[in-house]
Amino acid sequence: MNPGEQKKALDAWETSARYWDKYRALIAQMFAPLTSGLLEEARIGIGQNVLDIGGGSGEPSLTISCIVGPTGSVMYTDPVAGMVETAQAEAGRRGLTNIQFRQCSADDLPFPDKTFDLAIGRLSAMFFVDPVRAIREALRVVRNDGCVSFAVWAPKEVNPFFSTVNDVFDRFVESSTEDPDAPDAFRFAAPGKLAGILENAGAKNVIERQLNFQIEAAISFDQFWQLRTEMSETLREKMAGLAPAQLPTIKQAVADAARRYFVSGKMSFPAEALIVSGKKSAV
Ligand SMILES: C[S@@+](CC[C@H](N)C(=O)[O-])C[C@H]1O[C@@H](n2cnc3c(N)ncnc32)[C@H](O)[C@@H]1O
């Protein structure tokens, strides 16, 4: 990414920050199985010092804060000011005192070597500017033998939470040619891709696990539509380019595609993620 593209990406996250805050309770609920899977894989426990990279509106930092307890600590990081503000405000509302906040990019972590026991990132690695550099940075700041662990989405074909909406929009609005290495939710969906990056960056014992879960919440299709179209920069951009008359047609087509995931007042989408972990060499 050139500097112009980087700025555009961060500006988009800045706009997204208010929606990630608005839907924080719903996001926490929908992605709770992903948080559990990631934290189990990273073996987070009482007393540990944990780095969260790309913490967004606060997860998994806020959950980890409770797990590590008063003898442990969490360092939340994100390059987007609006994300840091909302996460910090939420930690304040919850009275959490073992969590600190730093605005920084994964590619350039402002911490000395071996500061943390381990580093994690939920749904952030796919947006790193230079993933190999970012993973090297994560390995640099964890102790010898410390773990780095990242949760990313598996292919969109097995994630209808995204594809039911995106596929319909793609039929109506032309997409720019996609660079498979550009920052995107599905950048590391191909099995082995992020694992290869961890190995390139010098991680040992790299493991990739597939996590299947349900994205569930007691919301209607209309609430789902609002959440998806507000939170996604890609969809916000596409909607801005549509004639107003097209929107009801698109929404109806999405409703038809998503119908089977809304039963008895509840949303339930099957979902698949990859959890990719590695260790810093012990020497
Ligand atoms: C999909 S959100 C995930 C946020 C949070 N971890 C969660 O799961 O709710 C992706 C996050 O990555 C952050 N991000 C974007 N570029 C980044 C970078 N270069 N380094 C670290 N984080 C980045 C964004 O600001 C955003 O907060």
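Here are a few things to note about the model shown:
- Of all DSSP beta bridges confined to the chain, the antiparallel ones make up roughly 50%.
- Efficiency of FRET from Cβ geometry, residue 22 and residue 174, R₀ 22 Å, rounded to 0.05: 0.15
- For the range 64-219, accessible area per residue (1.4 Å probe, heavy atoms of protein chains only), Å²: 45 Å²
- For the range 100-236, carbon and sulfur atoms together expose 46% of the accessible surface, with a 1.4 angstrom probe and every protein chain in place.
- With 0.36 nm allotted per residue and the present C-alpha distance subtracted, the residue 11-residue 214 stretch has 70.0 nm of extension available.
- Spin-label zone in the range 1-29 - amide nitrogen under 18 Å from a point set 7 Å from the Cα of residue 130 along the C-beta vector: 1-10
- Amide H within-cut-off set for residue 69, under 5 Å, with H built and near neighbours excluded: 47
- Once the C-beta distance of residue 29 and residue 67 is scaled by a Förster radius of 25 Å, the resulting FRET efficiency is 0.90 to the nearest 0.05.
- In Hz, Karplus ³J(HN,Hα) per residue of the range 182-199 (6.51, -1.76, 1.60; θ = phi - 60°; x = Gly, Pro): 6, x, 6, 4, 10, 4, 10, 6, 5, x, x, 5, 6, 4, x, 5, 4, 5
- Calculated [222 nm] ellipticity per residue, helices only, for the chain: -13000 deg cm²/dmol; basis is -39500 (n - 2.57) per DSSP H run with n ≥ 4, divided by all residues, nearest 500.
- Other-chain or far-sequence residues with amide H under 5 Å of residue 217's (modelled H): 267
- Check: the chain dipole with +1 on Lys, Arg Cβ and -1 on Asp, Glu Cβ, in debye: 580 debye
- For the range 1-126, the dipole from Cβ point charges (+1 on Lys and Arg, -1 on Asp and Glu) about the Cα centre works out to 320 debye, to the nearest 20.
- Converting phi to 3J(HN,Hα) with the Karplus coefficients 6.51, -1.76 and 1.60 and the offset θ = phi - 60°, the range 107-112 yields 6, 8, 7, x, 10, x Hz in sequence order, with x at every glycine or proline.
- Carbon and sulfur %, accessible surface of the range 1-65 computed with the full protein complex present, 1.4 Å: 55 percent
- ³J(HN,Hα) computed for each position of the range 13-30 - Karplus, 6.51 cos²θ - 1.76 cosθ + 1.60, integer Hz, glycine/proline x: 5, 4, 5, 5, 3, 5, 6, 5, 6, 4, 9, 4, 5, 5, 4, 4, 5, 5
- Of all lysines in the structure, those lying under 23 Å Cα to Cα from residue 204, and not within fewer than 8 positions of it along the same chain, are 114, 193, 279, 280.
- Note on residue 46: accessible area approximately 140 square angstrom, rounded to 10, probe 1.4 Å, nucleic acids and ligands left out.
- Segment residue 144..residue 115, full-extension length gain: 9.4 nm, with 0.36 nm per residue of separation and the alpha-carbon distance subtracted.
- Given charges at Cβ of Lys, Arg, Asp, Glu: the chain dipole, positive-most of 191, 53, 100: 100
- Distances between placed amide hydrogens fall under 5 Å for residue 74 paired with 50, 99, 100, all partners being 5 or more residues away or on another chain.
The values are calculated or read from the model by the stated rules, or taken from the named source; none is laboratory data. In this text the structure is predicted, and so the values were computed from the model without any measurement. Cβ sites come from the backbone with ideal geometry, for glycine too, and all protein chains shown count toward neighbours. Heavy atoms of the whole protein, side chains included, go into the accessibility calculation; ligands, DNA and RNA do not. Shrake-Rupley method; radii C 1.70, N 1.55, O 1.52, S 1.80 Å.
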